[in-house]
1. Considering (1) in a loop (DSSP other than H, G, I, E, B); (2) among the acidic types (D, E); (3) under 26 Å from B:T187 (Cα atoms), say which one B:D2 fails and leave the rest.
2. Could you tell me which residue of the range B:163-199 is farthest from DNA strand D (Cβ to nearest atom), considering only residues that are in contact (Cβ under 8 Å) with a residue 12 or more places away in the chain and not in a helix (DSSP H, G or I)?
3. If you scan the range A:5-27, which residues turn out to be touching a residue at least 24 places away in the same chain (Cβ under 8 Å) and assigned to a helix (DSSP H, G or I)?
4. For the list (1) of a type in the set (V, I, T); (2) within 20 Å of A:A16 (Cβ to Cβ); (3) surrounded by fewer than 16 Cβ atoms within 10 Å (Cβ to Cβ), I need the number of the one condition that A:I69 fails.
5. Scan the range A:140-155 residue by residue and report those that are more than 19 Å from B:F78 (Cα to Cα) and facing chain B (nearest Cβ under 7 Å).
6. Limited to the range B:108-135, what total is found for residues that are of a type outside the set (A, V, I, L, M, F, W, C) and more than 16 Å from A:L126 (Cα to Cα)?
7. Could you grab the pairs with beta carbons closer than 7 Å, sequence gap of 6+ or different chains, first residue in the range A:92-113 and on the phi > 0 side of the Ramachandran plot, second one of a type in the set (V, I, T)?
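The values are calculated or read from the model by the stated rules, or taken from the named source; none is laboratory data. Just so you know, these numbers come straight off a predicted model, no measurement behind them. Heads up, the Cβs are rebuilt from the backbone with ideal geometry, glycines too, and the neighbour counts pull from every protein chain shown.
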Protein chains: 2
Amino acid sequence: MDALSQQQLNQFREHAAAYVEFNEAEWIICIQHLALLKLKKKEHFVVPGQVCKTIGFVLSGSVRYYHLIDGKDITNYFSFENDYVSSYKSFLTGEPCISYIQALEPTTILTVSKKNWDAMLNNPMLAYKIERFGRLLAEYYLICYEDRVTSFITQTPEERYLKLLESGKDIIRRMPQHYIANFLGITPVSLSRIKRRILV
Amino acid sequence: MDALSQQQLNQFREHAAAYVEFNEAEWIICIQHLALLKLKKKEHFVVPGQVCKTIGFVLSGSVRYYHLIDGKDITNYFSFENDYVSSYKSFLTGEPCISYIQALEPTTILTVSKKNWDAMLNNPMLAYKIERFGRLLAEYYLICYEDRVTSFITQTPEERYLKLLESGKDIIRRMPQHYIANFLGITPVSLSRIKRRILV
DNA sequence: CCAATTTCTTATCTTAAGATAACGTTTTCA
DNA sequence: TGAAAACGTTATCTTAAGATAAGAAATTGG
């Protein structure tokens, strides 16, 4: 486990500032709870059966969430630089994960272990701001997932793909098509057909 | 806007205790920020275009979240007694809602307006516990939505229905089938066929 | 209590997605 | 750099979902 550079800490601090700003005293305590995780391409952040013991902030690189169902690899989600990464359910509840999270390229992640997360929540110097940070973070992802559920309920695969073309530039640009297909809830073959239908 | 009875306040307090317990001093301030909303059957908690200005706790009754897409009514979600109800995205961001939330029967809801919610977050007596309450609430629904997205990605409609039979007793028992169908991401006709397939 | 509405099923037809395999292209990495 | 793996498209066949309509059963509400 390497040490975090000043630049990496600043990158996180700047993005966290969207939720909560730490003063110097708080920040000094805070950074004692952070660690750096480097993943090589294809290394896993977590695998099914394990409890996800950390929550991470992607400093660089990208990860993919996926399931293996009857031997088939099904992509569920992506996180890029400046996104957070965790199997939230497992991290929050302590239940084992059901999905894989894998680095798609060399990836550096700032991590907080569950132990340190709880320590910060119990540290009077930090508790209030960490509660707030946690609330805003959970609310952000709640909204993401709410939107995604709505898209499954109200849109066709073709409509979901068209929407992704508009608002999912990172995913479209950086992810292979068969991952995107799963993310949209369809097979790669089906996405290929949709693309052709759209051209006509 | 009627007053909340002691019993209604206790009902909420007991359920909120799963997230945070208020002492008497805090509780006295807290209840000044709560209100009671009674909805008749088919009345709306919020409609598209409106900003959702309250978050609610269902004391009794039930509500349905739905969209009108090309004139078609598509059910997205349900809340029953002791669930929370809100168009979270709209409540949290101040953007207009995109869905309807409608009472399915006479329904009583304990509500907190956005103004009062923010007031509690800014009240030093309450801020910490409200932040915590908000975090745990958002985390709870985040996990619900995460599971639901995963079910769309990894399961067939038939598998989703079988799972709901196991773990969605309230929905199965109390909701008409065409609402359940939409909730599963399919049409009512399709759900009817699935039910027959399962019997054979 | 009865007419109106809602709900569910069934049937038919259409459309699109899943499964599988083949093939050419691109990428990977040893 | 060259063999292997990964990727995207296309074709075929199968399966299931969507659209629509009709009719029976259940529920509702005046």
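1. With (1) in a loop (DSSP other than H, G, I, E, B); (2) among the acidic types (D, E); (3) under 26 Å from B:T187 (Cα atoms) applied to B:D2, the lone miss is (3).
2. Filtering the range B:163-199 for residues that are in contact (Cβ under 8 Å) with a residue 12 or more places away in the chain and not in a helix (DSSP H, G or I), the one farthest from DNA strand D (Cβ to nearest atom) comes out as B:M175.
3. Residues satisfying the conditions are A:Q8, A:L9, A:Q11, A:F12, A:H15, A:A16, A:A25, A:E26.
4. All conditions are met except number (2).
5. A:Y141
6. Residues that pass the stated criteria total 10.
7. Close Cβ pairs satisfying both conditions: A:G94/A:V51.
So that you can scan it fast, the table gives a plain yes or no per residue for (1) within 7 Å of another protein chain (Cβ to nearest Cβ); (2) part of a helix (DSSP H, G or I); (3) touching a Ser or Thr at 6+ places or on another chain (Cβ under 8 Å); (4) closer than 28 Å to A:D70 by Cα:
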{"site": "A:I109", "(1), (2), (3), (4)": "no, no, no, no"}
{"site": "A:K115", "(1), (2), (3), (4)": "no, yes, no, no"}
{"site": "A:A119", "(1), (2), (3), (4)": "no, yes, no, no"}
{"site": "A:G134", "(1), (2), (3), (4)": "yes, yes, no, no"}
